[in-house]
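Asker: Got a structure here, written out as structure tokens. Questions coming.
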Amino acid sequence: MDQEQALTALAALSHPTRLDTFRMLVRHAPKGCTTGELVEATGLSQSTFSTHLAVLAKAGLVRSHKQGRHHLQCADIDTLRALILFLATDCCQGRADLCEPLLADLAC
């Protein structure tokens, strides 16, 4: 992941609705959630929610596919992994001693 991709992903996650949506999708990975379930969880109108979903999709954080009559939204775990690695690599500057506490927290 390069800096521009990281900035796009971070900007997409900088809104409470989009962050909550993405977190919900991560919790439901790999299956995902229907668009209707996400709209209901947010309490927003379909059109307002679609705008937020489009921002997440453009950032590569969410993928959509059709299953029967429903559109399923799924967190793109590869993009999440790349974003976390980009941040950790940049922040830790290759020093394992700085990243070890972070990795230990993730293991819990």
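Quick note: the coordinates plus some simple rules give every number you see, no bench work behind them. Fair warning: this is a prediction, and the values are worked out from it, not measured in the lab. As a convention, Cβ positions derive from the backbone with ideal geometry for all residues, glycine included, and neighbour counts pool all protein chains shown.
Asker: Go ahead and collect, in residue order, the members of the range 14-33 whose backbone nitrogen is under 20 Å from a label point 7 Å along the Cα-Cβ direction of Lys58.
Answerer: Backbone N within reach: 14-23.
Asker: With every atom except the alpha carbons ignored, what do you get for Rg and Dmax of the range 3-107, in angstroms?
Answerer: Answer for the range 3-107, Rg first and Dmax second: 15.3, 50 Å.
Asker: Oh, and also: Between the range 1-38 and the range 46-108, how far is it from one alpha carbon centroid to the other, in angstrom?
Answerer: Between the Cα centres of the range 1-38 and the range 46-108 lies a distance of 6 Å.
Asker: Using 0.36 nm times the number of residues separating Glu37 and Asp2, minus their current alpha carbon distance, what extension gain do you get? Present the calculation step by step, with values, prior to reporting the outcome.
Answerer: Numbers: separation 35, 0.36 × 35 = 12.60 nm, distance 3.24 nm.
That pair, Glu37 and Asp2, stretches by 9.4 nm at full extension.
Asker: So, one more: What distance in nm separates the simple spin-label points at His28 and Ala88, each placed 7 Å from Cα in the Cβ direction?
Answerer: 2.7 nm
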